[in-house]
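One structure is given below, encoded as structure tokens.
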Amino acid sequence: MSALALSLPAMAEPPHLVQQGTARQLQVQGKPMLLIAGELGNSSSSSAAYMAPHWKKLRDMHLNTVLAPVQWELLEPVEGKFDFTQVDNLIRDARANNLKLVFLWFGAWKNSMSTYVPSWVKRDQARFPRAALVNGQEVEILSAMAPTTLASDQKALAALMAHIKQVDGKQNTVVMLQVENEIGMLPVARDYGPLAQAAWQGQVPRELTAYLTAHRDSLVPEMKRLWAAQGARTSGTWAEVFGGGIAAEEVFTAWYYARFADELTKAGKAAYDLPMYVNVALNRPGRLPGEYPSGGPLPHLIDVWKAGAPSIDMLSPDIYFPNFVDIVNRYKRADNPLFVPEANNADHPQVAGNAFYAIGQLDAIGFGPFSIESIDDKSGALGAAYDVLEQLAPHILAAQGLNKMAGFRPKALYDETLLYEPQVAVIGDYRFTVAYADIQRPALSSKTAEAGGIIVQIGPEEYLIGGSGVTVTFAPAKDGGGQAGIDSAWEGRFDSAGQWRAGRLLNGDQTHQGRHIQIPAGQWQIQRVKFYRY
Ligand code: N0T
């Protein structure tokens, strides 16, 4: 199929999600795109001068996308008077550096709090009521229950989206939008203000119980248990349906946050229909709702958010915990493509391995370490890993959702224990076993924890293997299929036109005399390998 024939009819469409096999991909200007990204620190995008020295460095690190906050207080300093200077500067500077943008809408809530709202919102607690504690004391968090707050947030986001459409609808520098940032109630499980109290006494909305009923077999385990505990009721008060404890309060909180976010998203999309997602502040095990941001799009509340916010395309986890693998597996679902907007800080040893796992194993739309502009990439590790991903991106995108790809990293537990058990993947007619120690000298080094890899099938017997610190052995996928050997293994690079430029032919000690493919720890590279049977 010619790329031109595919891209022409889609030119007029804004970036949007399309299905390919079991994956959903972000299409930009008629072509799928992998977001090799990073997120700016919270305050950096407020100053073009502050950002000026950083853009080139980010592109040189092989990012193709930057996640950048847009603050309500800067956008609408006076009610109804919009100032798009920041937005225009970001778009101009991203374009000049050949980068795409995901805007983060810091509206009503940013990390639970309502500190990015304009002064005229902060100071008007009658029109924009605060959430309250049990004793009535207000917190610096806007109540999700107030239609006036929703209306003002909607107006601002719609103005932002209409402006992006106007200045960027053709060029599509801005490819997605994050709705708010890490929504969730603190330091208690729910709002006790007057509007919330009335809703808490009321009935659970039908849409929620209808959703639970329709999805009863596929609910997340925590929700299945909570709902079943009261007999899976299809009507009643929050206490009747969910038991009245703190878990019920959190479901209540999640529902009203989801409804607010959904109405906000709809207003934004009505102005300009970009893919929109909410990001997740994950909870530490053993903590109670309110000790962590209660009611956010957490793993145990995915059903509530899917029911309450059908306009939101993705629930996207911010992952700073070591058990990355377990977390991303909860967010990759048929109804939820994986996107990781924040992932450790950019100099964390496992950050590149996490990117390879999310993208290779779970068809992630993209990945973005936090505070990317502050990285001191002296080791060059993230840049080198992103270089490999950038080269492989066309092949990754061609393989997504079609059982032609797998991703690897040593699995870590929440307590940071690293498990170096080899991982197995069947891709096409071959079974691959990926180990993380050099099997000729099987000692773990300080670099072993940084390992990561991806295998992408590009022909019946041909594969691209990218990564660092991986040793790959291979066998026919089916027992009785004889044995498998290396026909040829080359290291090399894809040039900027996507042409393969071979380097060394790898054989002898570099493949342990044909026994395995190895990418040594401490470097990131691609090998193009053809296998055969004997
Ligand atoms: C993030 C960032 C920024 C193992 C914190 C991450 C960003 C917000 N929150 O620097 O404020 O805007 O979304 C939560 C970090 C959890 C820490 C877990 C440590």
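With the checklist (1) surrounded by 21 or more Cβ atoms within 10 Å (Cβ to Cβ); (2) in contact with a Lys or Arg (Cβ under 7 Å, 6 or more places away or on another chain) in hand, flag the one item LEU40 doesn't pass.
(2)
Assigned to a helix (DSSP H, G or I), within 16 Å of the ligand (Cβ to nearest atom) and either at pLDDT 95 or above or not assigned by TED's automatic domain parsing to the domain that holds PRO341 (or both): which single residue out of ALA254, ALA261 fits that description?
ALA261
Search segment 273-303 for residues being within 11 Å of the ligand (Cβ to nearest atom) and not in a strand (DSSP E or B), and hand back the single one that is modelled with the lowest pLDDT.
Looking at residues that are within 11 Å of the ligand (Cβ to nearest atom) and not in a strand (DSSP E or B), I get ARG284.
Considering only residues of segment 313-328 that are open to solvent by 10 Å² or more (accessible area, probe 1.4 Å) and in contact with a helix residue (DSSP H, G or I) (Cβ under 7 Å, 6 or more places away or on another chain), which is farthest from the ligand (Cβ to nearest atom)?
If we take residues in segment 313-328 being open to solvent by 10 Å² or more (accessible area, probe 1.4 Å) and in contact with a helix residue (DSSP H, G or I) (Cβ under 7 Å, 6 or more places away or on another chain), then VAL325 is farthest from the ligand (Cβ to nearest atom).
Yes or no: segment 158-168 includes at least one residue that is open to solvent by less than 40 Å² (accessible area, probe 1.4 Å) and either in a loop (DSSP other than H, G, I, E, B) or within 25 Å of LEU282 (Cα to Cα) (or both). Steps first, please.
Looking only at segment 158-168, we keep the residues that are open to solvent by less than 40 Å² (accessible area, probe 1.4 Å), and these are 158-161, 163-164, 168.
Checking which are either in a loop (DSSP other than H, G, I, E, B) or within 25 Å of LEU282 (Cα to Cα) (or both) leaves us with none.
Looking for residues that are open to solvent by less than 40 Å² (accessible area, probe 1.4 Å) and either in a loop (DSSP other than H, G, I, E, B) or within 25 Å of LEU282 (Cα to Cα) (or both), one finds none in segment 158-168, hence no.
Are any of the residues in segment 187-207 closer than 18 Å to MET145 by Cβ, in the same structural domain as TYR256 (by TED's automatic domain parsing) and among the charged types (D, E, K, R)?
There is no residue in segment 187-207 that is closer than 18 Å to MET145 by Cβ, in the same structural domain as TYR256 (by TED's automatic domain parsing) and among the charged types (D, E, K, R).
Let me confirm something: among ASN336, ASN345, which residue is more than 16 Å from the ligand (Cβ to nearest atom) and surrounded by fewer than 24 Cβ atoms within 10 Å (Cβ to Cβ)?
Working: ASN345 fails: more than 16 Å from the ligand (Cβ to nearest atom).
Exactly one residue qualifies, and that residue is ASN336.
Only one of these is under 24 Å from the mean Cα position of the chain (by Cα) and of a type outside the set (A, V, I, L, M): ASP153, ASP191, ASP217. Name it.
Result: ASP153 is the single residue among ASP153, ASP191, ASP217 that is under 24 Å from the mean Cα position of the chain (by Cα) and of a type outside the set (A, V, I, L, M).
Name the single residue that is modelled with the lowest pLDDT among those in segment 462-484 being part of a loop (DSSP other than H, G, I, E, B) and surrounded by fewer than 16 Cβ atoms within 10 Å (Cβ to Cβ).
Within segment 462-484, the match that is modelled with the lowest pLDDT is GLY481.
Quick check on segment 178-216: of everything there that is open to solvent by less than 30 Å² (accessible area, probe 1.4 Å) and polar (S, T, N, Q), which residue is nearest to the ligand (Cβ to nearest atom)?
Among residues in segment 178-216 that are open to solvent by less than 30 Å² (accessible area, probe 1.4 Å) and polar (S, T, N, Q), the one nearest to the ligand (Cβ to nearest atom) is ASN181.
Give the residue that is nearest to the ligand (Cβ to nearest atom), with candidates limited to residues of segment 98-116 that are more than 20 Å from the chain's Cα centre (by Cα), open to solvent by 40 Å² or more (accessible area, probe 1.4 Å) and not β-branched (Val, Ile, Thr).
The selected residue is MET113.
The values are calculated or read from the model by the stated rules, or taken from the named source; none is laboratory data. Note that the structure is a prediction, hence the values are computed from the model and not measured. Here Cβ is always computed from backbone atoms with ideal geometry, including for glycine, and neighbour counts include all displayed protein chains. Heavy atoms of the whole protein, side chains included, go into the accessibility calculation; ligands, DNA and RNA do not. Shrake-Rupley method; radii C 1.70, N 1.55, O 1.52, S 1.80 Å.
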